[in-house]
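A short write-up of the structure that comes next.
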Amino acid sequence: MIRGIWDRETVALMLLAAAFPVFVAWVQADGWYAIGRLIFFLVVAGIWHVIFMLARAQPPSFAGALTALTIAILAPHDLGIFALLLGTSFGVVMAELAFGGWGRNVLNPAVVALAFISFGYPASNWPELAVQIGWAAFPAALIGVLTGVMSLRLLLGVAVVTVITLYAGVDISETWIAGAVVLVLMVCDPVTASATRLGRWAYGAFYAAMFVLFTCQWGDAAPIQIAVAAALLASLAAPLFDEIAISIWLYRRNRRIG
Amino acid sequence: MPWQFKSGLPVLPNNSQFAFGAFEMQISEEAALTAQPVEDFRIDSLVKEGDLVAQGAPVLRSRRQPEIVATAPMAARVASVDLGPGHRLSSMVFFKEAAPGRHEYDTKAAASGDAVALRASLLASGLWRFFRSRPFGKTPVPAEIPSAIFVMALDTRPAAPDPRLALHDRIGDFEHGLRALLGMTEGPVHLCQDSGDELVGPPDFPGNFRLIRNGGQHPWGLAGLQIHAHYPAAINRPVWDIHAEDVAGIGEFLRTGMVPETLTLSVTGTALREPRLVRCQPGADLRSLCYSHVKPGLHSILSGSALDGRRARWLRHRDRQVAVMVPDGAGQGGHWFLSALHRARRPLPLVPNAAVEQSLGGAFPVMPFLRALSSGDAETATKLGVLSLLTEDLALADYVTCAEPRLSDLLNGMLDRIEAEEAA
């Protein structure tokens, strides 16, 4: 009889609210150029959403705006319009809309778009993120956790690995900004992250571990490329973590209940 | 070891608004025994229209299990017997008449602790229908031996009457009834109660008595969640649940030989001027309970809570609350294109968030379970414990997620499929 509010679009709006600090920091750092880029990507993602709405009756989602914002912040600056169009379209269509829209996708569209650009145009000039954008990831994570759309366990998994890394003396001072921004904008996406409690710990820890590994071993890559590759691997592994978590839960339950 | 769950969701209004002991006694002029078509309750009527029946006298009998009967909710004249196709009970309506009095059963043998006699008299008096057997949530067949029984002295549905209030003047009967249940099964009998004082706890209870204390929020006061957590039901492992007030009713029945006359009911909702706590007969006329208490304007009366209630004229079997709601006008208006778009892609995707996790108590892999449910994957859902759950247990998840189609309907469909496969 009475209905609550936590449908898909509410979650998408909360994710946008969580991304707001990052957006503000980015606009302050890049100025009008940033606004122009954002509008370009919003239009591209929006057109695809409208096409799928008209052709396949898929309701458009605010999550498309988050995808556009993420690509606008992280995509290389010197790429031509065609490359950006191609990369964005590939991510939005192949990773999200072809699966039936946000909520049914397996991989985050922004991750796929950036990975596409990263592999397709390896020599491009990836942006240097200003340090305040990295700091803005902290309030973003806080908003996400408080509104319940981001998982605290996932972030704690990342934190544990980060503390171990710092304790082991690995230098991530040059790459952490990209890692933090990718974490709050893409890795924390509840649709593609693991969905079990234990799985989220593992997923967060796996992302952070991959990020540290690439930082140490992938010398000539830009920090954003490192973070995007880690995010891609983590979301591919997410269902595996869920399966493991469910198996452990079943094993313990069967032992307890008999 | 009692386990304390703290998780759940606060759903307003909670049940702390009722003052202790503020019952109103109200036996409505009309009452009815009803069943939904989906329950498929096929019956033989034992009375004709116009017959006088005593309160507690058997009036209908199940065609599938003739031992199972239902009794008259009050001393009355039978007003109408309405059967659907295949002798399915639709409604049997009674008009109040004082003359026939109360029907009395012989419960000497049952009260002396004879398990066979106890079963026989519970069946004969219709009190058997208080039990609900999982998996599938039917009234248990007469020969069924439960692997465990859950006594629910805990109800966390929004605005549910606190079972403590219903029990406070009947603790003796409750203890007596609990003792009878302890003799009905070899398995454990769990008493689920809130984190306050122990309701009962005499040291001479048999070893299969278990106390579960729970200070949690909704949905931890639902039998399904407790069964899922403590003693999951399976095909050859039936688990029964029963409301604590009905256990007190069994105790009263064994003491006096008479079927209890009333149950405790909360009448609340947005269309009501003030919440009420009444004691009325089973199957009471809901309109008479709300009459002169509703605000002016449109309202709809639900039997059950605002989360899981259904529109009804008569109080449904096993319901202990009535929600009188102002219709929210949802589903009306809106642009045709948007509403068509909204309906084009079903089921709507479920996006994980903290509220969804808590809507099933957060203690098991909720999202994999809900995904299995909405994709119809019965195997995974069974592994994750779907056989312990019933419609009402997913009402909160439905509320939180606005899922379309409703998760509780999907659960119903899946349970029906599993049952059909088992029967084949």
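The values are calculated or read from the model by the stated rules, or taken from the named source; none is laboratory data. Worth saying up front: this structure is predicted, and the values here are computed from it rather than measured. In this analysis, Cβ positions are derived from the backbone assuming ideal geometry, glycine residues included, and neighbour counts consider all displayed protein chains. Protein only, heavy atoms only, side chains kept; ligands, DNA and RNA dropped before computing areas. Shrake-Rupley method; radii C 1.70, N 1.55, O 1.52, S 1.80 Å.
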**Message:** Would you confirm whether or not the stretch A:106-120 contains a residue that is touching a Pro at 6+ places or on another chain (Cβ under 6 Å) and not charged (D, E, K, R)?
**Reply:** no
**Message:** Yes or no: the stretch B:342-358 includes at least one residue that is closer than 22 Å to A:Arg253 by Cα and touching a residue at least 12 places away in the same chain (Cβ under 8 Å).
**Reply:** yes
**Request:** Hand me the list of strands (runs of 3 or more DSSP E) wholly inside the stretch B:67-184 holding 3 or more residues that are of a type outside the set (A, V, I, L, M).
**Result:** B:76-83, B:89-96, B:132-134
**Prompt:** In the stretch A:1-47, what count of residues is obtained for those that are part of a helix (DSSP H, G or I), within 16 Å of A:Gly103 (Cβ to Cβ) and open to solvent by 40 Å² or more (accessible area, probe 1.4 Å)?
**Reply:** 4
**Message:** Any residue at all in the stretch B:416-423 that's out of contact with any helix residue (DSSP H, G or I) (no Cβ under 6 Å at 6 or more places or on another chain) and either open to solvent by less than 10 Å² (accessible area, probe 1.4 Å) or facing chain A (nearest Cβ under 10 Å) (or both)?
**Reply:** no
**Request:** Mind listing whichever residues of the stretch A:30-56 are among the β-branched types (Val, Ile, Thr) and closer than 29 Å to A:Leu129 by Cα?
**Result:** A:Ile35, A:Ile39, A:Val43, A:Val44, A:Ile47
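Taking the conditions exactly as written (in contact with a Cys (Cβ under 6 Å, 6 or more places away or on another chain) and open to solvent by less than 40 Å² (accessible area, probe 1.4 Å)), does B:Leu277 satisfy them or not?
Criteria not met by B:Leu277.
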**Message:** Given the condition among the hydrophobic types (A, V, I, L, M, F, W, C), more than 16 Å from B:Ser125 (Cα to Cα) and surrounded by 19 or more Cβ atoms within 10 Å (Cβ to Cβ), answer yes or no: does some residue in the stretch B:60-74 qualify?
**Reply:** no
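Scan the helices (runs of 4 or more DSSP H) fully inside the stretch A:144-258 and keep the ones with 1 or more residues being closer than 25 Å to A:Val11 by Cβ, within 14 Å of chain B (Cβ to nearest Cβ) and among the β-branched types (Val, Ile, Thr).
Working: elements: A:152-168, A:176-182, A:197-217, A:223-257.
Output list reads A:223-257.
Listed here are the residues, each with its yes/no results for (1) modelled with pLDDT of 90 or more; (2) at the interface with another protein chain (Cβ under 9 Å from one of its Cβ atoms); (3) not in a loop (DSSP other than H, G, I, E, B).
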| position | (1), (2), (3) |
| --- | --- |
| B:Ala323 | yes, yes, yes |
| B:Ser339 | no, no, yes |
| B:His342 | no, yes, yes |
| B:Leu348 | no, yes, no |
| B:Phe364 | no, yes, no |
| B:Pro368 | yes, yes, yes |
**Prompt:** Within the stretch B:196-247, restricting attention to residues that are open to solvent by 10 Å² or more (accessible area, probe 1.4 Å) and of a type in the set (S, T, N, Q), which residue is farthest from the chain's Cα centre (by Cα)?
**Reply:** B:Asn208
**Request:** Would you confirm whether any residue within the stretch A:91-103 is open to solvent by 70 Å² or more (accessible area, probe 1.4 Å) and not aromatic (Phe, Trp, Tyr)?
**Result:** yes
**Item:** Scope the stretch B:20-59; condition assigned to a strand (DSSP E or B), closer than 12 Å to B:Met74 by Cβ and open to solvent by 20 Å² or more (accessible area, probe 1.4 Å); matching residues
**Value:** B:Glu30, B:Leu33, B:Leu52
**Request:** For the stretch B:265-272, indicate whether the set of residues that are in contact with a Cys (Cβ under 9 Å, 6 or more places away or on another chain) and closer than 30 Å to B:Leu122 by Cα is non-empty.
**Result:** yes
**Request:** Would you check if there is a residue in the stretch B:270-279 being under 16 Å from the mean Cα position of the chain (by Cα) and over 30 Å from B:Val189 (Cα atoms)?
**Result:** no
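Quick grid of which residues meet (1) modelled with pLDDT of 90 or more; (2) touching a Pro at 6+ places or on another chain (Cβ under 8 Å); (3) surrounded by fewer than 23 Cβ atoms within 10 Å (Cβ to Cβ):
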| residue | (1), (2), (3) |
| --- | --- |
| B:Arg88 | yes, yes, yes |
| B:Val93 | yes, no, yes |
| B:Ser112 | no, no, yes |
| B:Arg119 | yes, yes, yes |
| B:Ala124 | yes, yes, yes |
| B:Arg129 | yes, no, yes |
| B:Phe136 | yes, no, yes |
| B:Val141 | yes, no, yes |
**Asked** Quick check, is A:Leu38 of a type in the set (A, V, I, L, M) and within 13 Å of chain B (Cβ to nearest Cβ)?
**Response** no
**Prompt:** Within the group B:Thr391, B:Thr382, which residue is at pLDDT 90 or above, closer than 17 Å to A:Ile2 by Cβ and open to solvent by 10 Å² or more (accessible area, probe 1.4 Å)?
**Reply:** B:Thr391
**Complete:** Expected single match for outside any loop (DSSP other than H, G, I, E, B), aliphatic (A, V, I, L, M), within 9 Å of chain A (Cβ to nearest Cβ) and touching a Gly at 6+ places or on another chain (Cβ under 9 Å) among B:Ala355, B:Ala395 is B:Ala355
**Prompt:** Applying the selection to the stretch B:290-309, what residues are polar (S, T, N, Q) and either within 14 Å of chain A (Cβ to nearest Cβ) or buried (at least 18 other Cβ atoms within 10 Å of the Cβ) (or both)?
**Reply:** B:Ser300, B:Ser303, B:Ser305
**Prompt:** What are the residue pairs meeting all of these: first residue in the stretch A:67-94, first residue assigned to a helix (DSSP H, G or I), second residue buried (at least 19 other Cβ atoms within 10 Å of the Cβ) and charged (D, E, K, R), Cβ atoms under 8 Å, and 6 or more apart or on different chains?
**Reply:** A:Thr67/A:Glu96; A:Ala72/A:Arg37
**Message:** If B:Arg287 meets every condition in (1) surrounded by 20 or more Cβ atoms within 10 Å (Cβ to Cβ); (2) assigned to a helix (DSSP H, G or I) apart from one, which number is that one?
**Reply:** (1)
